[in-house]
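Nothing in this text is a laboratory measurement; each read-out follows from the coordinates by a stated rule. Everything numeric here is computed off the predicted structure, so don't read it as measured data. Cβ: placed from backbone, ideal geometry, glycine included. Neighbour counts: every protein chain shown.
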Ligand code: 5RP
């Protein structure tokens with residue numbers, strides 16, 4: 001009886017995870033096929049779980065062996081190295097042809113919330129250095145308005161010595177924002193980014209003007225970078241579990 005009672009929900013959960021992964025993979029494969037050409041020389045590689053599929057697709061392409069790849073995080077550097085791709089850095093390559101990256105939520109103007117993996121500082125620098133910035137995501141990430149689908153709040157990278165002051169400012173300016181210091185585990189303490197900083201996750205509700213909010217937040221002393229990417233994305237690929245893709249420009 002117990003086995004019968006448990007099995008259906010386990011199967012459902014397994015299927016839905018598989019469906020999400022299929023959406024990520026479909027988006028990543030299509031984006032690589034359409035935007036990464038042999039005429040390019042420098043490509044930025046984002047961070048997260050969706051970008052793994054893009055690297056998988058890239059590593060099978062013999063015509064891309066000459067391309068240099070610029071990472072956006074420690075994880076991304078490992079992905080590039082493990083795939084035996086040519087690893088580069090911004091000092092050698094301050095101008096990037098195209099960057100592909102994931103996102104936590106993308107609105108109809110292609111503004112994004114990023115930083116679910118605490119990598120948005122380097123991701124935004126790489127995006128700003130790129131001629132084209134391409135987002136890949138499963139279709140759960142698509143949204144009319146930021147702050148609606150992604151319920152974990154906007155990630156803000158902050159200088160560790162300033163985190164409590166910034167939390168106080170945020171509570172004053174945005175009384176319902178409930179800023180939370182992102183913790184690794186209770187025992188391990190706060191998440192420390194690749195840049196040695198902390199992350200605050202802050203709830204603003206539906207964000208009607210992401211660039212106004214970004215501009216306000218970045219002015220708070222000690223804020224290093226805000227996980228709002230405004231007017232940076234050139235194209236987004238959203239993948240569904242049936243393999244269909246929605247492309248938004
Ligand atoms: C990391 C990011 C990621 O790109 C974002 O969280 C999406 O990740 P995933 O592909 O795992 O959904 O911004 O800071």
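Just how many % of Cα pairs in the stretch 132-181 lie over 15 Å apart, if you round to the nearest whole percent?
60 percent
Can you give me the pair-distance distribution of the stretch 191-249, C-alpha pairs, 10 Å bins, whole percents?
Over the stretch 191-249, the share of Cα pairs per 10 Å bin runs 16, 35, 32, 16, 1 percent.
What distance in nm separates the simple spin-label points at residue 37 and residue 171, each placed 7 Å from Cα in the Cβ direction?
Taking the simple label geometry, residue 37 and residue 171 are separated by 5.4 nm.
Can you give the calculated 222 nm mean residue ellipticity of the chain, where each DSSP H run of n ≥ 4 adds -39,500 (n - 2.57) and the sum is split over every residue, rounded to the nearest 500 deg cm²/dmol?
-10500 deg cm²/dmol
What FRET efficiency, computed as 1/(1 + (r/R0)^6) with R0 = 22 Å and r the Cβ-Cβ distance, is obtained for residue 164 and residue 215, rounded to the nearest 0.05?
Approximately 0.40, to the nearest 0.05.
For the chain, what's the relative contact order in percent, using C-alpha pairs closer than 8 Å and at least 6 residues apart?
Across the chain, relative contact order equals 24 percent.
Over all distinct alpha-carbon pairs, what is the Kirkwood Rh of the stretch 112-249 in angstrom?
15.8 Å
So for the chain, what percent of the C-alpha to C-alpha distances run longer than 30 Å?
30 percent
Please compute the contact order of the stretch 33-113 in relative form: average sequence separation of alpha-carbon pairs under 8 Å and at least six residues apart, divided by the residue count, as a percent.
37 percent
Taking the Cα-to-Cβ direction at residue 128 and at residue 248 and moving 7 Å from each Cα, how far apart do the two end points lie in nm?
With each label point 7 Å from Cα toward Cβ, the separation is 2.4 nm.
Determine the principal axes of the Cα atoms in the stretch 84-143, then give the extent along each, sorted from largest to smallest and rounded to whole angstroms.
If we take the Cα atoms of the stretch 84-143, the spans are 37, 22, 21 Å.
Can you work out D for the stretch 21-128 in µm² s⁻¹ from Stokes-Einstein, where Rh is the Kirkwood radius over C-alpha pairs, the temperature is 20 °C and the viscosity is 1.002 mPa s?
155 µm²/s
Within the stretch 45-66, whose backbone N sits under 12 Å from a point 7 Å along Cα→Cβ of residue 89?
Answer for this model: none.
In 5 Å bins starting at zero, report the fraction of Cα pairs in the stretch 58-186 per bin as a rounded %.
Each 5 Å bin holds this share of Cα pairs: 2, 9, 15, 18, 18, 14, 12, 6, 3, 1, 0.
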